[in-house]
Amino acid sequence: MKRIVVHHSASTLAVQFDSINQWHKDKWNSISELGFYGGYNYLIEKDGTLKQYRIEGEETIAQRGYNFDSLSVCLAGNFERGIETPTQAQIASLKAFLSEKMALYGLTPQDIVPHRYLSS
């Protein structure tokens, strides 16, 4: 892994794993080795629960051109123009996740990028 890409779902649903999975199935229909369609490796729900769509190293459908060498994590929520902000539980979960993955892959904080850094 060369980087960790942080996304947000742009949805305000309370629980999002299944709805994202269905939406990505309808849009791309690319099933993961874990049997899901979600294009990210991981999703952090609003309650801080970390859920997995794809194994690390498996091709994602999260950022064109960077789907083989990036780890993708999505925060459930719509953070556009202040519609929502990440919950404290999400922030704590994301911090723990990033620390673990940075250590595992020898990454630095500069290797963590927002989705928009790579593509619109």
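The values are calculated or read from the model by the stated rules, or taken from the named source; none is laboratory data. Quick caveat: nothing in here was measured; it's all calculated off a predicted structure. Positions of Cβ are generated from backbone atoms using ideal geometry, with glycine treated the same way; all protein chains shown enter the neighbour counts. What goes into the accessible areas is simple: the full protein's heavy atoms, side chains included, and nothing from ligands, DNA or RNA. Shrake-Rupley method; radii C 1.70, N 1.55, O 1.52, S 1.80 Å.
Taken over the stretch 105-120, the criterion of being open to solvent by 60 Å² or more (accessible area, probe 1.4 Å) and either at pLDDT below 95 or of a type in the set (D, E) (or both) is satisfied by P114, R116, Y117, S120. Restricting the stretch 63-79 to residues that are open to solvent by less than 60 Å² (accessible area, probe 1.4 Å) and not in a strand (DSSP E or B), the residue that is nearest to K95 (Cα to Cα) is A76. Residues in the stretch 35-52 that are open to solvent by 10 Å² or more (accessible area, probe 1.4 Å), part of a loop (DSSP other than H, G, I, E, B) and either closer than 18 Å to A76 by Cβ or of a type in the set (K, R) (or both): F36, Y37, Y40, K46, D47, G48, T49. Of the residues making up the stretch 12-31, those that are open to solvent by less than 30 Å² (accessible area, probe 1.4 Å) and either part of a loop (DSSP other than H, G, I, E, B) or closer than 19 Å to P114 by Cβ (or both) number 2.
Inside the stretch 61-85, residues that are without any contact (Cβ under 8 Å) to a residue 60 or more places away in the chain and farther than 17 Å from L118 by Cα make up a count of 3.
Of the residues making up the stretch 80-104, those that are on the phi < 0 side of the Ramachandran plot, loosely packed, with under 15 Cβ neighbours inside 10 Å and of a type outside the set (D, E, K, R) number 10. Consider the stretch 2-11 and keep the residues that are part of a loop (DSSP other than H, G, I, E, B) and out of contact with any Cys (no Cβ under 8 Å at 6 or more places or on another chain). The one that is most open to solvent (accessible area, probe 1.4 Å) is K2.
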